[in-house]
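The values are calculated or read from the model by the stated rules, or taken from the named source; none is laboratory data. As the structure is a computational prediction, the values presented were derived from the model and not from experiment. Positions of Cβ are generated from backbone atoms using ideal geometry, with glycine treated the same way; all protein chains shown enter the neighbour counts.
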Amino acid sequence: MAPKEILKIENLKTYFDTWAGIVKAVDGVSLDVREGETLGLVGESGSGKSVTALSILGIVPRPGKIIEGRIIYKGENLLEKTENDLQKIRGKEIGYIFQDPATSLNPVFSIASQLTEVIKRHQIVKTPSLRATDLYKLRATIRRRRDAKEEILQKAIELFKLVEIPDPEIKIWSYPHQLSGGMKQRIAVARALSCQPSLLLADEPTTNLDVTIQAQILQLMKSLKEKLGMSMILITHDMGVVAGVADRITVLYAGRVCETADTRTIFYNPKHPYTIALLTAVPSLALRKEKLAVIPGAIPNLIEPPTGCRFHPRCEYAEAACAKRIPPLEEIEPGHYVACIRASEIDIESPLGAMTNE
Amino acid sequence: MKNKSVKPKPQNRNEKTRSRGVSQWNIAWRRFKKNKAALAGALIIGFVIFLAAFDSLIAPYPPNATPGFYIGEARVPPSLKYLFGTDYVGHDVFSQVVYGARSALYVGFGAAAIAMSLAILVGLVSGYYGGFVDNILMRITEIFLVIPFLLVLLVFLKVIIAVIPSGVGGLSIVMIMIGVFSWAPNARIIRGEVLRVKESEFIEASKALGASKRRIIFRHVFPNVLHTIIVLTTLMIATAILVEAAVSFLGFGDPAAITWGQQLQKANEAVKEAWWEGIFPGLFITLLVLGFSLLGNGLRDALDPRLRE
């Protein structure tokens, strides 16, 4: 039997009520993450990947609002929790890595103070509080506070070692502007891991890094995930990235799930035309083509999305029925879910399929 | 004046700071040191603070003394005995200018403290919370922005100084009134900065790490708008000094207080015969305000993170 689910999202709808109209950024997304696995969340820009992740933590920026759905984390619905309870979960139970390491660190504080802040916040190490009433043991309290501070600092240095930053004792006192992009992203990873979360949300963690650093960071995240036994949601638009890291992949398009399956199936036996189109658009050295394939058109306006299947205006295989009915997410084979009414009819080889046969 | 290349000189001291990391404050200080105009401003302010601190030692005559009155030395031009001359009742202008330094700084710092506290409070809350709170606070700010500042100030001062017995903290009332009526533009600027900072990813990151709202405002937003606040405070001090001088000059200040504005007002009636009565207090007002403006500009250049290297 498959391992237990750590996170299950059911029919999540997050809408943004703007003056131009209601933007249906996430419109009925369902997905699940099992214990110890990495789920790749793939889609074009604007397909609702980030909003889904922010919804999990309940930090969707205004005017965004979660309209309906259930986010079940370890058996509890996060949407029913109070802000106070959520604050205790954020960072401690669920870590988050942001896209741009350059801006996700506060420029005015040293790395040390930013890392220790999280550890202090979640009371991994307790700092004894100073109270005027125990004046007679003031010195002991001060000493214990100093020890606690030292312990927290040691923890932060441990984290630095974990993310493989050289000279942690010195580097920890530096400020964000003194570090390179790759270094900052390592620190962002360290900060997200500081309280040993059970689930890590990585929102395009490698998009703003150059390719060699990308590989390093991905390798690091992969090995840390194994070491700490967490689950991870990796958000990306880069099929190459998910291919290397993810166990399963969920493809999003315009706020809806198109296809969910394990990585191998997505790459070699995709059923949804959008997944196929995405794979065709991956630049590849092996499949050298004259021109890079593109998906015609752009992601639809989410204020008035196309009726029926949202991909049908751009879909090669669309027929009249596609515009009428919202295709349900159906399990066509064990663990392989597709939202396309023609999924069984379309039988084309994956653009990568030819490669395996050789 | 802009630094072309900031290379840490291979000094022992620098080696030490490097191992602890170079904070934005270190960078700002390095840049500030290079700015001659700002240093000059700081020097002027330092000089006036020195005058105010040791006024009774520096001034040859006690406050309100009229050494020239009984010996027919009213309105005598500057000489060795009276460095800046004497006024129509025989006050030594130099002594009065020295005593005026304390009033100027008192009003300047006091009014700026009041105005900036209000501005920071309104700016942070309104910028961070947004929505309904922002709407209400900004409408109040706008009320303060549209009232003709000097006119209302004069009316209030006239009433308040008439109500309380003369000589009881007249200067403090001027200071409080200036503070209460001049926070609005600063609140707007701070709110704007907060709006910019709160969209940064590190704010979102600290939310994602479980920080509370209060913590985000004070620990993440406030330090990031601090550079703006410092600059605004400096310029606010300059404005407050200038406004106090204007109010006193127009005859609405506290007549019992020794301020440069009061001296200007008294000199007003004899500009032709006794230029020294007005020139010297006027010069000091200009100098001090210039000092704060130069310092403010220098701080802005040094602290603005966007202008880094």
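Of note:
- The stretch B:178-214, subset away from chain A (no Cβ under 14 Å) and among the β-branched types (Val, Ile, Thr), residue farthest from B:ALA104 (Cα to Cα): B:VAL194
- Selection status of B:TRP275, closer than 20 Å to B:VAL98 by Cβ and either among the aromatic types (Phe, Trp, Tyr) or under 22 Å from the mean Cα position of the chain (by Cα) (or both): yes
- Wholly within the stretch A:1-64, strands (runs of 3 or more DSSP E) carrying at least 1 residues that are among the basic types (Lys, Arg): A:5-18, A:21-34
- Listed here are the helices (runs of 4 or more DSSP H) enclosed by the stretch B:159-252 that have at least 2 residues being within 20 Å of A:ARG62 (Cβ to Cβ) and out of contact with any Pro (no Cβ under 8 Å at 6 or more places or on another chain): B:184-198, B:201-208.
- Per-region count, the stretch A:65-84, residues closer than 20 Å to A:LEU200 by Cβ and assigned to a helix (DSSP H, G or I): 1
- Residue match in the stretch A:278-299 (condition: within 24 Å of A:ASP32 (Cα to Cα), at pLDDT 80 or above and surrounded by 11 or more Cβ atoms within 10 Å (Cβ to Cβ)): yes
- Being assigned to a loop (DSSP other than H, G, I, E, B), closer than 27 Å to A:GLU150 by Cβ and either modelled with pLDDT of 80 or more or more than 7 Å from chain B (Cβ to nearest Cβ) (or both) is a property that holds for A:PRO128.
- Matching entry among B:ALA246, B:ALA238 (being more than 14 Å from chain A (Cβ to nearest Cβ), surrounded by fewer than 20 Cβ atoms within 10 Å (Cβ to Cβ) and under 16 Å from the mean Cα position of the chain (by Cα)): B:ALA246
- Residue, nearest to A:VAL257 (Cα to Cα), within the stretch A:307-341, restricted to residues that are part of a strand (DSSP E or B) and not aromatic (Phe, Trp, Tyr): A:VAL338
- Residue list for the stretch A:87-124, restricted to those being free of Cβ contacts under 8 Å to residues at least 40 places away in the same chain, facing another protein chain (nearest Cβ under 8 Å) and out of contact with any Ser or Thr (no Cβ under 9 Å at 6 or more places or on another chain): A:LYS88, A:ILE89, A:ARG90
- Cβ-Cβ under 7 Å pairs, at least 6 apart or on other chains, the stretch A:156-181 side in contact (Cβ under 8 Å) with a residue 60 or more places away in the chain and facing another protein chain (nearest Cβ under 8 Å), far side surrounded by fewer than 17 Cβ atoms within 10 Å (Cβ to Cβ) and of a type in the set (Lys, Arg): A:TRP173/B:ARG20
- Those helices (runs of 4 or more DSSP H) lying entirely in the stretch A:151-270 with at least 2 residues under 30 Å from A:ARG342 (Cα atoms) and within 14 Å of the chain's Cα centre (by Cα): A:239-245
- Residue that is farthest from A:ASP210 (Cα to Cα) [pool: residues in the stretch A:223-251 that are in contact with a Lys or Arg (Cβ under 6 Å, 6 or more places away or on another chain) and buried (at least 24 other Cβ atoms within 10 Å of the Cβ)]: A:MET232
- Among the residues of the stretch A:39-56, not a single one is touching a strand residue (DSSP E or B) at 6+ places or on another chain (Cβ under 7 Å), on the phi > 0 side of the Ramachandran plot and surrounded by fewer than 21 Cβ atoms within 10 Å (Cβ to Cβ).
- Some residue of the stretch A:309-317 being under 26 Å from A:THR14 (Cα atoms), in the same structural domain as A:ASP32 (by TED's automatic domain parsing), surrounded by fewer than 24 Cβ atoms within 10 Å (Cβ to Cβ) and in contact with a Leu (Cβ under 7 Å, 6 or more places away or on another chain): no
- Condition check for A:ILE71 on (1) in contact with a helix residue (DSSP H, G or I) (Cβ under 6 Å, 6 or more places away or on another chain); (2) at pLDDT 85 or above; (3) within 8 Å of chain B (Cβ to nearest Cβ): one failure, at (3).
- Of all the residues in the stretch B:256-304, those that are farther than 20 Å from B:GLY68 by Cβ, part of a helix (DSSP H, G or I) and among the small types (Gly, Ala, Ser) number 7.
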